[in-house]
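Notes for the one structure printed next.
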Amino acid sequence: WHTRFWITDPGYQQYREGEERDYSIGTAAHNGPVINGIAQSLNAAQRIPSQNERIAQLDLSACYEGLPKAASVKRKIQVAENETPLVMVRDQFAGLENNAIIKTHWLGGAHFAWAFVDGWARLSDGQHALWIGTLESDISPQQLIRHDGTRGPLTLAHQRTLDQNHGEQTWIFWGDDSGGWKPPTISAENGCLSLTLPGGNQLSLG
């Protein structure tokens, strides 16, 4: 967006032991959900067919070693039909241990400014703003961390505990071309999300 990678991934292998290697291959180096400390370690994602070209669905269950045999982990990514970026990422969990701890890490690009407004994270290049929100809980400044060996970029490290052995974690990314300081508001009904943008326009995601 605007010629920049706003959410990134280390994207390389550092073979020399040390802080940089720990960062680039650690559990917090990617944005896949980390479940009870277990990150994805196998290249075994399965694509779930979708008739909507704006929706990508993946079964990530086989990517994890050490989860219960009946565990199911799926990720749905939906891009809205509008001029500015609006993306929903929904992780669905089933068959896990009760009170499973889900950690998600979103790595911001270098030289962006982070801020936190009304439970949302705001990533800005000085002219535009990428808002990051989650349906299930607020985002706070205490969740922003910097890993040793990162060479500068900061990471939004979010954690929540599922009430049962199943649940969902829904993320919203909205790009504000005006670089404003007011995030959208979210409402959910029957599995569909409605966003009210600062200007009053409403957008829907299924």
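Per residue, what accessible area does the stretch 1-40 have, given a 1.4 Å probe and all protein chains present, in Å²?
Details: 2530 Å² over 40 residues.
Per residue, the stretch 1-40 has an accessible area of 63 Å².
Excluding Gln57 itself, calculate the net charge of residues whose Cβ lies under 11 Å from the Cβ of Gln57, where each Lys or Arg counts +1 and each Asp or Glu counts -1. Computed value for this residue: +4.
The Asn82 and Ile25 beta-carbon pair, evaluated with R₀ = 30 Å, returns a calculated FRET efficiency of approximately 0.25.
Ranked by the mean number of other Cβ atoms within 10 Å of their residues, highest first, the peptides 126-138, 150-162 fall in the order 126-138, 150-162.
Taking every C-alpha pair closer than 8 Å and separated by at least 6 residues, the mean separation divided by the residue count of the chain gives a relative contact order of 20 percent.
The charge dipole of the chain, taken about its Cα centre with unit charges on the Cβ atoms of Lys, Arg (+1), Asp and Glu (-1) only, comes to about 220 debye. Potential lengthening of the chain between Ser72 and Ala56 amounts to 4.1 nm, from the contour at 0.36 nm per residue minus the alpha-carbon distance. Working note: Karplus 6.51/-1.76/1.60 with θ = phi - 60° gives the stretch 27-42 the couplings 5, 9, 7, 9, 9, x, x, 9, 10, 6, x, 9, 9, 5, 10, 10 Hz, where Gly and Pro are set to x.
Can you tell me how much longer the chain between Asp9 and Leu135 gets when fully stretched, taken as 0.36 nm per residue apart minus their C-alpha distance, in nm with one decimal?
Numbers: separation 126, 0.36 × 126 = 45.36 nm, distance 2.33 nm.
Difference between extended and current length: 43.0 nm.
Modelled this way, with points 7 Å down the Cα-to-C-beta line, the labels at Arg146 and Ala115 are 2.0 nm from one another.
Order Glu20, Glu189, most accessible first, counting only protein heavy atoms with a 1.4 angstrom probe. Don't skip to the end; give the middle numbers.
Working: Glu20 35, Glu189 135 Å².
Output order, biggest surface exposure first: Glu189, Glu20.
Karplus-derived 3J(HN,Hα) values for the stretch 59-68, using 6.51 cos²θ - 1.76 cosθ + 1.60 with θ = phi - 60°, are 9, 9, 3, 6, 7, 10, 10, x, 7, x Hz; glycine and proline are entered as x.
The values are calculated or read from the model by the stated rules, or taken from the named source; none is laboratory data. Quantities reported herein were computed from a predicted structural model and do not represent experimental measurements. Cβ coordinates were reconstructed from backbone atoms using ideal geometry, including for glycine residues, and neighbour counts include every protein chain displayed. We work out accessible area using only protein heavy atoms, side chains counted, and drop any ligands, DNA or RNA first. Shrake-Rupley method; radii C 1.70, N 1.55, O 1.52, S 1.80 Å.
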